[in-house]
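Readers should treat all values here as calculations from the given coordinates under stated rules, not as data from a laboratory. The structure displayed is predicted, hence computed values, not measured ones. Cβ placement follows ideal geometry from the backbone for every residue including glycine, while neighbour counts extend to all protein chains displayed.
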Amino acid sequence: MKSDSGAYLYQYISLHVATLKFFDIWLYKPQSRRSLKFWFYLVMRIIVGILVYIIPTTAQVIYLVEICVAKNAGIQDIAAIVNLVSTEILASLKLLDLHLRRNLVTQLMDQFNEFHYYDENHKNILDKGIKLSRKLFVVLLFGAAFDVFVHVVVVPALEGFQSLPLKMDLLLFDVNDDKYFNYICAYQILYKPMMVSTYICLQTLPWAFMICAINQLDVIITKFEHMEEIVKVTKELRGFNDDEAYKSVLNSFILYYFAILRYIKLIQAALGVQLTSTLFLSAIIICNTAVQIFSIESPHKNITEVIWVLTYLSIFIFNLFLDCYFGNEITIKCLHVSRVIFSSPWLKISTALKKNVLIFICIAQQPVTLMAAKLAPVSIATFTTIMNWTYKAFAVMNQMK
């Protein structure tokens, strides 16, 4: 059951969930195995999984192996196929991980009910975060949809569909045979939007949860900044003395802060593997795309191709940067909490309460770092390291091409 605040905060992820539900790939809902509905949904999901997430990627990997063995393709073609395969593998792995960790994701959503906003300042903070989360999702989804439409529909249509939009080999039959060509072409046009939508949803879903965590930290910081006024109001409403009012307010703030920490730990537990896969596979894609750019013959004569590849490269760098940026913001905001606590009017209270405040300050000073599957911190420093190693790998590949 969602509380009013839980339903409000659900807006951070509402578009992501709605899109995945549209394709019927949102979290599995347990039902009785005696129910026909259970087996129907299970069979349908297996069929969709095979058709969208297994067959296309496998067929593209087979084609990649064939052209590498035959040595009849340039580094540009190989890099393009590797990027395509890597993107689809990334989407498939993220979807699989989401379902394997569905209980943790459900707990993460239930955590919304523990957060409450009390005034317009808090609501304005949350409104901005919700708008940012939804805007990132919409912009990336429409950008990816446009790119797919151009490459899978428009360009092949201008060429009279003489070749398949996506290179693949199914082994069992020749995909370029006239008997199968039209069916394979239609299949590629139909499966690709679902694959791209899945990728965008699962790429931006961690952003939505991290933005929510950042906003909640902003709320608790705002509360500490206005603590003197809140203590005064509490004292008047409840008839407390100074110490009682301060203790009541401080306890509520501490509970709120620890709820935020639990939420951040749940983000790491539920989405840590997804963040890790993004860090590593994005580095591979960025490196391959850079090689692809420098492999384009006569760039001034193929300016359209150069622009598309540069756009593709920019999108993946942007995605990787936002993962690290939001993780870095969580760390910075958590450290800022200790400073605003120290700035609150705690010197006027009793010695016993001062000790409690000092203990809380010490706790708040402990760095809170979002980890990618306990392998690397999700931070700007990690982004810089990845880009540095990506450049080194690109330099080696560019010399070997």
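As a rough guide to protection, the peptides 63-69, 222-228 ranked by mean Cβ packing within 10 Å, highest first, stand as 222-228, 63-69.
Based on DSSP H segments of at least four residues, each scored -39500 (n - 2.57), the chain has a per-residue ellipticity at 222 nm of -26000 deg cm²/dmol.
Judged by the gyration tensor of its Cα atoms, with axes a ≥ b ≥ c, region 1-146 is oblate; a/c meets the 1.5 cut and b/c is at least as large as a/b.
In this structure, the amide hydrogen of V378, modeled 1.01 Å from its nitrogen in the peptide plane, lies closer than 5 angstrom to those of L370, M371, A372, counting only residues at least 5 positions away or on a different chain. Other residues whose C-beta falls under 13 angstrom from the C-beta of S197 contribute a net charge of 0, scoring Lys and Arg +1 and Asp and Glu -1. Highest-first packing order for the peptide set 325-336, 141-152 is 325-336, 141-152, based on the mean count of other beta carbon atoms within 10 Å. List the aspartates and glutamates whose Cα sits under 17 Å from the Cα of K348, skipping any in the same chain fewer than 8 residues away. Here the aspartates and glutamates satisfying the reach criterion relative to K348 are E225, E228, E229, D242, D243, E244. When Lys and Arg each count +1 and Asp and Glu each count -1, what net charge do the other residues less than 15 Å away from F181, Cβ to Cβ, add up to? Here the charged neighbours net out to -3.
Near V175, the amide H atoms lying under 5 Å from its own belong to L170; only residues 5 or more places off or on other chains count, and H is placed 1.01 Å from N. If the elastic network links every pair of Cα atoms under 10 Å, which of W39, W207, W389 fluctuates the most in the Gaussian network model of the chain? Most flexible of the set in this elastic network: W39. Between the beta carbons of A157 and L310, assuming R0 = 22 Å, the FRET efficiency works out to 0.40 to the nearest 0.05. Each Cα pair of region 218-321 feeds into the Kirkwood radius, which the Stokes-Einstein equation turns, at 20 °C and 1.002 mPa s, into a diffusion coefficient of 116 µm²/s.
Rounded, prolate or oblate: which one fits the chain, using the alpha carbon gyration tensor with axes a ≥ b ≥ c (rounded when a/c is under 1.5, else prolate when a/b beats b/c, else oblate)?
prolate
Can you tell me the orientation of helix 178-225 relative to the chain, as the angle in degrees between its alpha-carbon axis and the longest Cα principal axis, to the nearest 10? Relative to the chain, helix 178-225 is tipped by roughly 20 degrees. With a threshold of 21 Å on the Cα-Cα distance, the over-threshold entries among K247/K333; K223/K354; K223/K333; K128/K232; K131/K192; K37/K192 are K247/K333; K128/K232; K131/K192; K37/K192. With the Cα gyration tensor of region 324-389 giving a ≥ b ≥ c as the square roots of its eigenvalues, does the rule (a/c under 1.5 for rounded; else a/b larger than b/c for prolate; else oblate) give rounded, prolate or oblate? Prolate, since a/c reaches 1.5 and a/b exceeds b/c. In a reduced charge model with +1 at each Lys and Arg Cβ and -1 at each Asp and Glu Cβ, the chain shows a dipole moment near 1060 debye about its Cα centre.
Give the peptides 97-103, 348-354, 282-288, 11-17 in descending order of average Cβ contacts within 10 Å, highest first.
Ranked by mean Cβ neighbours within 10 Å, highest first: 282-288, 11-17, 97-103, 348-354.
Projecting the Cα atoms of V175, V340, L136 onto the charge dipole of the chain, computed from C-beta unit charges around the Cα centre, puts V340 farthest toward the positive end.
For region 275-377, the average shadow cast by the Cα convex hull is 9.0 nm², which is a quarter of the hull's surface.
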